[in-house]
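Trainee: Got a structure here, written out as structure tokens. Questions coming.
The values are calculated or read from the model by the stated rules, or taken from the named source; none is laboratory data. Since the structure is predicted, the reported quantities are computational estimates derived from the model, not experimental observations. Glycine also receives a Cβ, built like all others from the backbone with ideal geometry; neighbour counts cover every protein chain displayed. These area figures cover heavy atoms from the full protein model, side chains too; ligands, DNA and RNA do not enter into them. Shrake-Rupley method; radii C 1.70, N 1.55, O 1.52, S 1.80 Å.
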Amino acid sequence: MPSNPKTVLITGASSGIGEATARRLAAQGHAVLLGARRTGRLAALAGELRASGASVAHRELDVTSLDSVRGFAAAALEEYGRIDVLVNNAGVMPLSPLADLRVDEWERMIDVNLRGVLYGIAAVLPVMRRQGGGHIVNVSSVSGHRVDPTAAVYSATKFGVAALSEGLRQESRDVRVTVVSPGFTRSELTDRGGSDDARAAAHAAAELLAIPASAIADAIAFAIDRPADVDVNELVVRPTAQG
């Protein structure tokens with residue numbers, strides 16, 4: 001059990017890193033609010049965790065809608081009375097060469113990966129400032145540190161997440177800010193969209209290299225559980241074999 005149980009909001013919590021983080025933090029005794037579009041999966045996960053004694057609630061969430069994200073934050077306040085941590089995890093990664101001109105997919109990545117993070121910050125930052133403290137964890141990617149073919153737009157959004165996080169950190173004295181950058185991780189991130197060749201290449205690389213989503217959840221839990229005067233700003237977690 002953590003010495004200081006917290007109320008944690010997790011976006012994109014129906015699978016992958018979001019689900020693993022929910023499991024990890026709930027098992028540690030934190031109160032968790034799960035958000036995602038796939039409410040059936042959320043309900044099943046929340047029910048499973050509650051059956052084990054965890055404090056878990058869930059709510060449908062579309063991070064591309066400011067009203068939806070604000071409603072998510074309001075639900076946390078209604079359920080738990082405060083917001084200690086937001087894990088901005090929701091993301092999409094349809095990979096393709098720029099020459100394919102998949103403009104709709106570019107816009108989707110910008111909306112989910114970047115605008116969604118901004119909406120999350122907008123929804124919880126005033127609450128945290130009123131409380132005199134809080135913690136925003138933004139899930140980026142190693143693609144926020146390097147650019148590879150077929151990942152230009154995805155990388156642009158993740159470089160943006162890093163920039164937003166650093167700006168917020170510099171502006172904050174009572175809100176902690178952490179960027180977690182996963183490498184190849186087992187998830188559904190590359191299952192939808194993008195070119196067939198890029199998707200196949202990503203799946204092949206993941207089969208060889210990917211670490212479990214629980215490894216990223218462990219990193220998030222580590223950052224959250226530091227003392228209030230310790231701000232872990234950046235964690236890069238990737239497979240040892242990843243170049």
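Trainee: Among all residue pairs at least 6 apart or on different chains, which show Cβ distances below 9 Å where the first residue, located in segment 53-68, is more than 13 Å from GLY35 (Cα to Cα) and the second is at pLDDT below 95 and in a loop (DSSP other than H, G, I, E, B)?
Mentor: As it stands, the answer is SER55/PRO5, since those pairs meet every condition given.
Trainee: Also, quick follow-up: Is it the case that segment 117-126 has a residue that's among the hydroxyl-bearing types (Ser, Thr, Tyr) and under 21 Å from ALA20 (Cα atoms)?
Mentor: No: segment 117-126 contains no residue that is among the hydroxyl-bearing types (Ser, Thr, Tyr) and under 21 Å from ALA20 (Cα atoms).
Trainee: With a cut-off of at least 3 residues that are aliphatic (A, V, I, L, M) and out of contact with any Ser or Thr (no Cβ under 8 Å at 6 or more places or on another chain), name the helices (runs of 4 or more DSSP H) lying wholly within segment 121-234.
Mentor: 152-171, 196-209
Trainee: Answer with yes or no whether ARG70 is modelled with pLDDT under 95, closer than 21 Å to LEU118 by Cα, surrounded by fewer than 22 Cβ atoms within 10 Å (Cβ to Cβ) and basic (Lys, Arg).
Mentor: When the stated conditions are applied, ARG70 does not pass them.
Trainee: Tell me whether segment 96-108 contains one or more residues that are in a helix (DSSP H, G or I), more than 15 Å from the chain's Cα centre (by Cα), free of Cβ contacts under 8 Å to residues at least 24 places away in the same chain and closer than 20 Å to ILE10 by Cα.
Mentor: no
Trainee: Further question: Which residues, counting only those in segment 143-183, are of a type in the set (Val, Ile, Thr) and under 14 Å from the mean Cα position of the chain (by Cα)?
Mentor: Those that are of a type in the set (Val, Ile, Thr) and under 14 Å from the mean Cα position of the chain (by Cα): THR157, VAL161, VAL177, THR178, VAL179, VAL180.
Trainee: Any residue in segment 212-227 that is without any contact (Cβ under 8 Å) to a residue 24 or more places away in the chain sitting within a Cβ distance under 6 Å of a residue that is of a type in the set (Lys, Arg) and open to solvent by 10 Å² or more (accessible area, probe 1.4 Å)? List the pairs, counting only those 6 or more apart or interchain.
Mentor: Filtered contacts from segment 212-227: no entries.
Trainee: Quick check on this structure: which one of ALA57, ALA43 is open to solvent by 10 Å² or more (accessible area, probe 1.4 Å) and not in a helix (DSSP H, G or I)?
Mentor: Matching residue, one of ALA57, ALA43: ALA57.
Trainee: Return a yes/no flag: does segment 79-94 have any residue that is surrounded by 20 or more Cβ atoms within 10 Å (Cβ to Cβ), of a type in the set (Gly, Ala, Ser) and outside any helix (DSSP H, G or I).
Mentor: Taking every residue of segment 79-94 in turn, at least one turns out to be surrounded by 20 or more Cβ atoms within 10 Å (Cβ to Cβ), of a type in the set (Gly, Ala, Ser) and outside any helix (DSSP H, G or I).
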